[in-house]
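S.K.: First the structure, which I've put down as structure tokens, then a few questions once you've had a look.
Where a number appears in this text, it was derived from the coordinates with a stated rule and is not lab data. Only a predicted model underlies this, so the values are computations on that prediction, with no experimental measurement involved. Because the Cβ atoms are built from the backbone with ideal geometry, glycine has one as well, and the counts that use them run over all protein chains shown.
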């Protein structure tokens, strides 16, 4: 079934609505505290929903069903780790952030160690966020490209421009407000798609269980206790019980404890308690959400009768699918009735725009607050809203261009995105651990640990077969080890010379 006029109207109304929301929330902005932190008056439940929407993106909406389609549900081990990681951030990181007037995640490192480390970690965050968000924006262009026939650059530009408009106008309040709405839009669209798939099966949901377990399959398997034949094979497997749980825990401590994309929202709450409630709301919802999207992938597996995704063909072009990320878009375009198809595509856009707007706002806030806020120029400081919006505009344009880099990828974008994030997350998380638990370590020690951690990850990623779920853990270990060795050398060796 082709995309109808009604479907296009639904999508266009949604896109225009985001811009109107940006205009509405832009009315009371007077300072960067309003623009980047919502005046520290945002409601905890809205922040909680916003975090879910921000971290979901099209990586979840499109790639997770495809991942379940081609494999099983062992990815859920990572999600259980996500819950544990959020709990630890709630207990350890948030109390530390609310001891002082912290305005960004890296402001904490600046107050603990010095401004040099603050600017270094903020700069690394900026580079990593540009690459990771480029993957997410590209992922959104997949269904838009399939439906409209527009090429990837055009599809990316359309999505990016509308997102940039409401983020530029309304700041973090517009981002959070739209995130709450977008959360219910994409969940509603996904539920509608699942109902259509199950209704089309001859035996309904029973067929989902049949195909998931036919011919010796166990696509409902969550825990993987197969560690391989040796330690190298164990580290090369991303979804073992230890790789999943530990990898998910450390990855979440890094993303929710050190990444300005999500910390920005937690710092916008009224109090420490509100911030903690927001994160635990997110922790509770995210487990159910990922389980839902993986089950959706199994529903699609039953709908296509267990066919290898590479054997499936787009009816409009006659071309075979080349990535599991294209399975859900194919189902949307070819099988959903008029109106529902538009709702689901609006959901795809909502999931992506929530993350993209968050990325733009966090990049702008980190650039201004971490790198430029201390500029000793009265003329510069008197126009803080102007410069904040300039940085927002700049990073929006950069992200749109960055998304073009991934248009030829055939790997599941969820794994690409997590691999990019894991590249520097270990060093960042290690630096925060140094600030929280190692009182004798100074800025020089922390910089050595942080920088050599990133160098070590270049070797790990390009010259080993270690899976991405281990990257953060390795990065943390290297950071802590090098920083403490640096401290020992300074104080035990050179002090005696």
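S.K.: Determine, for 287, 124, the number of other Cβ atoms within 10 Å of each Cβ, and report the residues in order from fewest to most.
M.R.: Ascending number of Cβ neighbours within 10 Å: 287, 124.
S.K.: Angle, helix 471-488 long axis vs. longest principal axis of the chain, Cα atoms, 0 to 90°, nearest 10?
M.R.: Roughly 10 degrees between the two axes.
S.K.: What is the order of 444, 167, fewest Cβ neighbours within 10 Å to most?
M.R.: Sorted ascending by nearby Cβ count, the order is 444, 167.
S.K.: Next question, about the same structure. Suppose R0 equals 51 Å. What FRET efficiency, 1/(1 + (r/R0)^6) with r the Cβ-Cβ distance, do residue 151 and residue 273 give to the nearest 0.05?
M.R.: 0.55
S.K.: Let me ask something else about it. Residue 91 versus residue 477, label points 7 Å from Cα toward the beta carbon: distance in nm?
M.R.: My value for the distance between the label points is 2.3 nm.
S.K.: What's the extension gain from residue 99 to residue 484 if we count 0.36 nm per residue and subtract their Cα-Cα distance?
M.R.: 136.1 nm
S.K.: Show me, bin by bin at 10 Å from 0, the whole-percent P(r) of segment 35-153 based on Cα pairs.
M.R.: 10, 27, 36, 20, 7, 0
S.K.: Right, something else. If I model a spin label as a point 7 Å beyond the Cα along the Cα-Cβ vector, how far apart are those points for residue 115 and residue 217 in nm?
M.R.: Spacing of the two 7 Å Cα→Cβ label points: 5.9 nm.
S.K.: What label, among [x] 0.97; [y] 1.11; [z] 1.19, belongs to Cα Rg over 2.2 N^0.38 Å computed from the structure on display?
M.R.: From the options [x] 0.97; [y] 1.11; [z] 1.19, the structure gives [x].
S.K.: Listing 145, 256 from the residue with the fewest other Cβ atoms within 10 Å to the one with the most, what is the order?
M.R.: Going from least to most buried by this count: 145, 256.
S.K.: Multiply the residue separation of residue 305 and residue 440 by 0.36 nm, subtract the distance between their alpha-carbon atoms, and state the gained length in nm to one decimal.
M.R.: 42.5 nm
S.K.: Continuing with the same structure: Do the sum for the chain: with -39,500 (n - 2.57) for every DSSP H run of n ≥ 4, divided by all residues, what is the mean residue ellipticity at 222 nm, to the nearest 500 deg cm²/dmol?
M.R.: Mean residue ellipticity, 222 nm, calculated: -23500 deg cm²/dmol.
S.K.: Can you compute the FRET efficiency between residue 491 and residue 465 using 1/(1 + (r/R0)^6), with r the Cβ-Cβ distance and R0 = 30 Å? Round to the nearest 0.05.
M.R.: Here the calculated transfer efficiency is 0.20.
S.K.: Tilt of helix 44-58 relative to the longest C-alpha principal axis of the chain, in degrees (0 to 90, nearest 10)?
M.R.: 60 degrees
S.K.: Let me ask another. By how many degrees, 0 to 90 and rounded to 10, does the Cα axis of helix 340-366 deviate from the longest principal axis of the chain?
M.R.: Approximately 10 degrees, to the nearest 10.
S.K.: Given 0.36 nm per residue, what is the gain on full extension from residue 227 to residue 458 after removing their alpha carbon distance, in nm?
M.R.: Full extension from residue 227 to residue 458 adds 80.7 nm.
S.K.: How big is D, in µm² s⁻¹, for segment 131-227 by Stokes-Einstein at 37 °C and 0.692 mPa s if Rh is the Kirkwood radius over C-alpha pairs?
M.R.: Answer from the Stokes-Einstein relation: 191 µm²/s.
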